[in-house]
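Notes follow once the structure below has been shown.
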Amino acid sequence: MSAVSRRQILLQLGGAIAVVGASAMLARNTAAEEAEGRVVEVDVRRFKFTPSQITVKRGEVVTLAFRSIDFVHGFNLPDMGVRADLMPGRVTKVRLQPTQAGNFAFLCDNFCGDGHETMGGNLIVEG
Amino acid sequence: MDRRHFLSLAAIGGGAVFASGLAGCTTMGSNGGGGKYSAQDFYFVQLSDVHWGYQGPDNPDAAVTLGKAVATVNALEVQPDFIVFTGDLTHTTDDPAERRRRLAEFKRIIGDLKVKDHRFMPGEHDASLDRGAAFKEFFGDTHYTFDRQGVHFIVLDNVSDPGAKLGDEQLAWLQADLEKRDKAAPIVVLTHRPLFDLVPKWDWATRDGAKAIDLLMPFQHVTVFYGHIHQEHHQMTGHIAHHSAKSLIFPLPAPGSQERRTPLPWDPAQPYKGLGFREVEADAKAASYKVTEFPVVRT
């Protein structure tokens, strides 16, 4: 096999691999979008989450997309065993699928200053 | 007059306000016991959550509350062997210069205490915004040990990390210290936040506190004194007793009793209600502690 033909085969193989890779990525993105469910964007800054009252339906897949403005705040939803650090300048996604109806408190659990103690909200899960 | 004899008289006369009973913390009855104060007994005072610099409606007397508590401690008929401050010496501020000014004022005021042996640890209001930098300038290390009459005291810092963590490094330090102890040795842990999950939705927890409790669990006589929740509270994790102290700024609601941990409102008819400090009488030989609560101002 000449060097040229071998290079062509490798290029074709590389192209095929790239297409497969892209297909897999698209498939993953589609699955991720489906897995994310409804996306609720949450603005986070000292000393509040906006919105602070988030209503979902029991069994619904929902993704909270936090955008922290000014601090490494924390999101902690103790009743569901969920927490995350919310880095400023990034979107931090937290996926939930509540199985129980009720009113569940969440809070910032990274001390962020005078007002930190008031920084929280509620996830309201409708039955 | 020895201390226990004094307390027995004070209790009869209504001077001893409260004593609680739990493992690691025994009840002082109204007749007080009356035994001789042995060489292994000692007692210390715990002051907590001063929040110097706070200004707000939940304590309109904030500028004088600490001074009054200092006067009350100085008026104790038998002075304590030492005094511990379990965090939140100051109220938080974003301004590093103001933080240092508050720490300096706090230090100046407690300088009037007759007893000069003080042990400090930070609360999140003192240390979380600068990872303890200003606190260390005034009071030194945020975690350390000391010993009294055979009791090993371990001061843990669960606030310099704003995420309320002890951290792997401090946990390794704790483990190394404990490896040198006899399993029957009396151990007292002083810290700010509860090491256990008291009310996580109120941020009344230490994120990796369970790891510290696991390290302490093999030891037979461990008692924890802490602050943070601005009220007296007693809870066991296995055989380890945890006792929180009242604050000197404003009381907070009973754990989990309402949705948010908003301060209890100031009552002008009963100023300083819910505030106070405690003394802890240690019987090192028995590894037992008698806790007596005092108000800010004794009448």
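Quick note: the coordinates plus some simple rules give every number you see, no bench work behind them. What you see is a predicted model, and the numbers here were worked out from it, not measured in a lab. Quick reminder, even Gly has a Cβ in these numbers, built from the backbone with ideal geometry, and neighbours come from all protein chains shown.
Cross-link candidates for A:Lys57: which lysines have Cα within less than 28 Å, leaving aside residues fewer than 8 places away along the same chain?
Partners found: A:Lys48, A:Lys93, B:Lys201.
Going by average Cβ neighbours within 10 Å, how do the peptides B:104-113, B:192-201, B:156-165 rank, with the highest at the top?
Taking the mean over residues of other Cβ atoms within 10 Å, the ranking is B:156-165, B:192-201, B:104-113.
Counting only other chains, what is the mean number of Cβ atoms within 10 angstrom of the Cβ of each residue in peptide A:109-121?
Mean number of neighbouring Cβ atoms from other chains: 6.
Strictly greater than 18 Å: what percent of every Cα pair in region B:157-205 meets that?
40
Taking 56 Å as R0, compute the FRET efficiency from the Cβ-Cβ separation of A:Val91 and B:Lys116 and round it to 0.05.
According to the calculation, E is roughly 0.60.
If you find the alpha carbon centre of region B:116-159 and of region A:100-127, how far apart are they in angstrom?
Cα centres, region B:116-159 to region A:100-127: 30 Å.
Mind listing the long-range amide H neighbours of B:Tyr54? Cut-off is under 5 Å, sequence gap 5 or more, other chains count too, H placed in the peptide plane at 1.01 Å from N.
Amide H neighbours of B:Tyr54, under 5 Å, 5+ apart: B:His91.
May I ask you to give the average projected area over all directions of the convex hull of the Cα atoms of region B:35-101, in nm² rounded to one decimal?
That works out to 6.3 nm².
Which cross-chain or sequence-distant (5 or more) residues have an amide H under 5 Å from the amide H of A:Phe106, H modelled 1.01 Å from N in plane?
Distant-sequence amide H within range of A:Phe106: A:Gly121, A:Asn122, A:Leu123.
Could you give the semi-axes, largest first, of the ellipsoid that matches chain B, computed as the square roots of 5 times the alpha carbon gyration tensor eigenvalues and rounded to whole Å?
26, 25, 18
Return the long-range amide H neighbours of B:Phe294 (sequence gap of 5 or more, or a different chain), with a cut-off of under 5 Å between placed amide H atoms.
Under 5 Å from the amide H of B:Phe294: B:Phe277, B:Arg278, B:Glu279.
Taking just the alpha carbons, could you work out the radius of gyration and Dmax for region B:203-291, both in angstroms?
15.3, 48
Can you give the FRET efficiency to the nearest 0.05 for B:Ala172 and B:Gln270, using r as the Cβ-Cβ distance and R₀ = 51 Å?
Working from the Cβ atoms, E equals 0.60.
Considering the Cα trace of region A:37-126, what is its radius of gyration and what is Dmax, both in angstroms?
Taking only Cα atoms of region A:37-126, I get Rg and Dmax of 12.2, 37 Å.
R0 = 22 Å: FRET efficiency of B:Ala104 with B:Ala63, Cβ-based, nearest 0.05?
It comes to 0.90.
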